[in-house]
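A.B. asks: Quick one: this structure, given as structure tokens, is what I'll be asking you about.
None of the figures in this text is laboratory data; all of them are computed from the coordinates on show. These numbers were taken from a predicted model, which means no experiment stands behind them. In this analysis, Cβ positions are derived from the backbone assuming ideal geometry, glycine residues included, and neighbour counts consider all displayed protein chains.
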Amino acid sequence: MELKTVEWSFEGIKAVIIYHRFRGSKLKTLLIEFPKNVLTLSTKCGFRMIRYICNNTVPQEFWNLVHEEEGQRVYLKGVFSTLNIPQENSIILLTGVDMENLAIRDERFEKFRVSVFVTAGVESNALRVGVDRAGYIEENGTFKHVGTINTIVITNASLSIPAFIRAVVIATEAKVIALQDLDIRSSYNPDLQATGTGTDNLVIASLGTGPKVNYVSGHVKIGEIMARAVTLAIKDAITKYHRGNKNVQD
């Protein structure tokens with residue numbers, strides 16, 4: 001197992017890209033380790049106290065495996081075993097995007113800080129939500145795609161529960177702005193502006209070391225800097241992906 005330290009620091013948090021293996025195939029995983037358990041809200045697990053956030057590049061030969069509930073369980077068990085961290089104390093996102101295309105953005109205002117990590121690919125399942133017709137129904141946890149825009153937001157602000165939920169709104173609006181600015185089109189109808197992909201995931205982590213926040217919106221500074229960081233990180237990630245992976249399907 002090899003690792004590459006991410007050039008980033010934030011109150012004792014460690015971030016590395018780990019190169020490891022599963023069934024002989026090479027894996028890449030972003031591993032963010034907090035000094036202690038922190039409260040998070042994610043589209044994967046809801047509210048949880050966790051110590052680790054991971055973003056894993058799934059090799060194409062395992063895409064069918066992770067699309068099945070039991071197969072994904074086997075895959076994740078193998079990933080966590082080689083990472084040597086407890087699965088029950090972690091959140092993991094999956095993507096087909098190479099972790100080398102990771103984008104990071106930091107924004108600050110006085111005592112507030114926000115850092116955002118993003119991987120993004122939008123070639124195969126970008127869509128305009130509610131307009132493009134859905135093609136899949138969940139049956140026993142089985143779907144057909146691996147997540148393509150994975151966004152991790154870390155803030156020192158002490159977010160209340162309503163503030164966490166408002167932060168999801170802000171991050172989602174910011175994602176749409178990034179796709180609009182880059183003129184990303186629906187994969188299913190190029191005449192339509194995409195608002196995301198059908199499999200995006202989001203994690204928001206509150207360190208609780210900064211000022212208490214009960215409200216996150218574009219009217220307040222924490223909302224402004226969070227939105228800006230998300231927008232810029234997603235734009236960076238999409239640009240990196242298209243420059244380095246023009247012939248690779250996300």
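A.B. asks: Would you grab the residues whose amide H sits under 5 Å from the one on E123? Only those 5+ places off in sequence or on another chain, please, with H modelled 1.01 Å from N.
C.D. replies: Those qualifying (amide H under 5 Å, at least 5 residues apart or on another chain) are D250.
A.B. asks: Considering only DSSP beta bridges where both residues belong to the chain, give the percentage that are antiparallel (nearest 5).
C.D. replies: Of the beta bridges lying entirely in the chain, close to 75 percent run antiparallel.
A.B. asks: When the label point is put 7 Å from the Cα of E61 along its Cα-to-beta-carbon vector, which residues of region 86-112 have a backbone N closer than 19 Å?
C.D. replies: The answer is 95-99, whose backbone nitrogens lie closer than 19 Å to the label point.
A.B. asks: Follow-up. Less than 13 Å Cβ to Cβ from I234, Lys/Arg counted +1 and Asp/Glu -1: what total charge do the surrounding residues give?
C.D. replies: +1
A.B. asks: Specify the inter-centroid distance of region 26-90 and region 113-131, based on alpha-carbon positions, in whole Å.
C.D. replies: If we compute the Cα centre of each part, the gap is 19 Å.
A.B. asks: Over the chain, with a Gaussian network built from C-alpha contacts below 10 Å, which listed residue (N89, N125, N150) shows the highest mean-square fluctuation?
C.D. replies: N89
A.B. asks: Let me ask another. Apply the Debye scattering formula to the chain, with a single equal point scatterer on each alpha-carbon and no solvent, then give log10 I(q)/I(0) at q = 0.07, 0.13, 0.17 Å⁻¹.
C.D. replies: So the normalised log intensities are -0.22, -0.79, -1.38.
A.B. asks: What residue among Y19, N37, V118 has its Cα farthest toward the positive end of the dipole of region 2-244, where the charges are +1 on Lys, Arg and -1 on Asp, Glu, each on the Cβ?
C.D. replies: Towards the positive end, the residue furthest out is N37.
A.B. asks: Give me the percent of Cα-Cα pairs in region 72-128 that sit more than 13 Å apart, rounded to a whole number. Intermediate values should be presented prior to the final figure.
C.D. replies: On the way: 1184 of 1596 pairs.
Here the long-distance tail beyond 13 Å is 74 percent of all Cα pairs in region 72-128.
A.B. asks: May I pose another question? Please turn the phi angles of region 191-197 into ³J(HN,Hα) values with the Karplus equation 6.51 cos²θ - 1.76 cosθ + 1.60 (θ = phi - 60°), one per residue in order, whole Hz, x for glycine and proline.
C.D. replies: Going residue by residue, I get 6, 9, 6, 6, 10, x, 10 Hz, with x marking Gly and Pro.
A.B. asks: Non-local amide H neighbours of V129 (under 5 Å, H modeled in plane, Pro and chain starts lacking H): which ones?
C.D. replies: T195, G196
A.B. asks: Just from its helices, what would the mean residue ellipticity at 222 nm be for the chain, if runs of 4 or more DSSP H residues each count -39500 (n - 2.57) and the sum is divided by every residue, rounded to the nearest 500 deg cm²/dmol?
C.D. replies: Helix-only estimate at 222 nm: -8500 deg cm²/dmol.
A.B. asks: For a protection proxy built on the mean count of beta-carbon atoms within 10 angstrom, sort 39-45, 55-61 highest first, please. Each step should come with its number before you reach the end.
C.D. replies: On the way: 39-45: 18.0, 55-61: 19.7.
Most protected by this proxy first, the peptides run 55-61, 39-45.
A.B. asks: Using modelled backbone amide H atoms (1.01 Å from N, in-plane), which distant-in-sequence or interchain residues come within less than 5 Å of V213's amide H?
C.D. replies: Excluding prolines and chain starts, which carry no amide H, the hits are S158, L159, S160.
A.B. asks: Using θ = phi - 60° and the Karplus curve 6.51 cos²θ - 1.76 cosθ + 1.60, what whole-Hz ³J(HN,Hα) does each residue of region 47-61 get, with Gly and Pro shown as x?
C.D. replies: Using θ = phi - 60°, the values come out as 7, 8, 8, 9, 10, 9, 10, 10, 10, 10, 7, 8, x, 4, 5 Hz.
A.B. asks: List T5, T239, T119, T148 from most exposed to least, where exposure is judged by having the fewest other Cβ atoms within 10 Å. Provide the component values of the computation, followed by the final result.
C.D. replies: Working: T5 10, T239 14, T119 31, T148 25.
Listing T5, T239, T119, T148 from fewest to most nearby Cβ atoms yields T5, T239, T148, T119.
A.B. asks: For the chain, give the magnitude of the charge dipole about the Cα centre (Cβ charges: +1 Lys/Arg, -1 Asp/Glu; no others), in debye to the nearest 20. Please report the intermediate quantities before stating the final value.
C.D. replies: On the way: 29 positive and 26 negative charges, 115 e Å.
Dipole size: approximately 560 debye.
A.B. asks: Do you know the relative contact order of the chain, to the nearest whole percent, from alpha carbon pairs under 8 angstrom that are 6+ apart?
C.D. replies: Result for the chain is 22 percent.
A.B. asks: Right, another one. Using a Gaussian network model of the chain with C-alpha springs under 10 Å, which one of L159, L192, L232 is most mobile by mean-square fluctuation?
C.D. replies: Maximum fluctuation in the GNM of the chain, among the listed residues, is at L192.
A.B. asks: Just to check I understand the Karplus step: with θ = phi - 60° and J = 6.51 cos²θ - 1.76 cosθ + 1.60, what whole-Hz values come out for region 219-225, glycine and proline as x?
C.D. replies: So the Karplus estimates, Gly and Pro as x, are 7, 10, 4, 4, x, 4, 6 Hz.
A.B. asks: Same structure, new question: Which of the lysines could a cross-linker bridge to K28, judged by Cα under 25 Å and excluding same-chain residues fewer than eight apart?
C.D. replies: Partners within reach: K4, K14, K36, K44, K77, K144, K175, K235, K240, K246.
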